[in-house]
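K.L.:
First, the structure itself, so that you have it in front of you.
The values are calculated or read from the model by the stated rules, or taken from the named source; none is laboratory data. Predicted model, so just to flag it, every value in this text is computed and none were measured. Cβ sites come from the backbone with ideal geometry, for glycine too, and all protein chains shown count toward neighbours.
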Amino acid sequence: MHPTTLPRHELAGLHVEVVESRNADLVGIAGDVVDETMQTLVVAGASGSKQVPKAAATFRFRLGGGEAQCASERASGRGPRAERVIVDGERLVARPARRTETTTPNKWR
């Protein structure tokens, strides 16, 4: 998965944080995406699961690093670094299956 193609991929399982929102109560919600609908992401964090409207927020996703690293890489500081990608929630508003097909141009469709 590449940062420029993130909106085209499945989001379930990625770590996410709400960095901006029209609703101040949503800012700071962080955890793993456990479910996705056309209009929302369900984020499971330390305080339980929260349903976050996509259109009302800007998200920061973490790609790579984290749990994908083995223990020795984490301890030594070597290995893949987690990359953070900021995505405007408006780009994610669509049924997940349709969004993965149509977000970016593809010469095969």
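K.L.:
Return a yes/no flag: does segment 27-44 have any residue that is within 16 Å of ASP88 (Cβ to Cβ), small (Gly, Ala, Ser) and in contact with a Gly (Cβ under 6 Å, 6 or more places away or on another chain).
P.N.:
No - not one qualifying residue is present in segment 27-44.
K.L.:
Please name all residue pairs, on different chains or six or more residues apart, with Cβ atoms under 6 Å, provided the first residue is in segment 1-19 and is without any contact (Cβ under 8 Å) to a residue 12 or more places away in the chain and the second residue is of a type in the set (A, V, I, L, M, F, W, C) and not in a helix (DSSP H, G or I).
P.N.:
none
K.L.:
Oh, and also: In segment 27-49, what count of residues is obtained for those that are crowded, with 17+ Cβ neighbours inside 10 Å and touching a residue at least 24 places away in the same chain (Cβ under 8 Å)?
P.N.:
Number of matching residues: 3.
K.L.:
Please work out which one of (1) at pLDDT below 90; (2) assigned to a loop (DSSP other than H, G, I, E, B); (3) on the phi < 0 side of the Ramachandran plot is the condition SER72 fails and give its number.
P.N.:
Condition not satisfied by SER72: (2).
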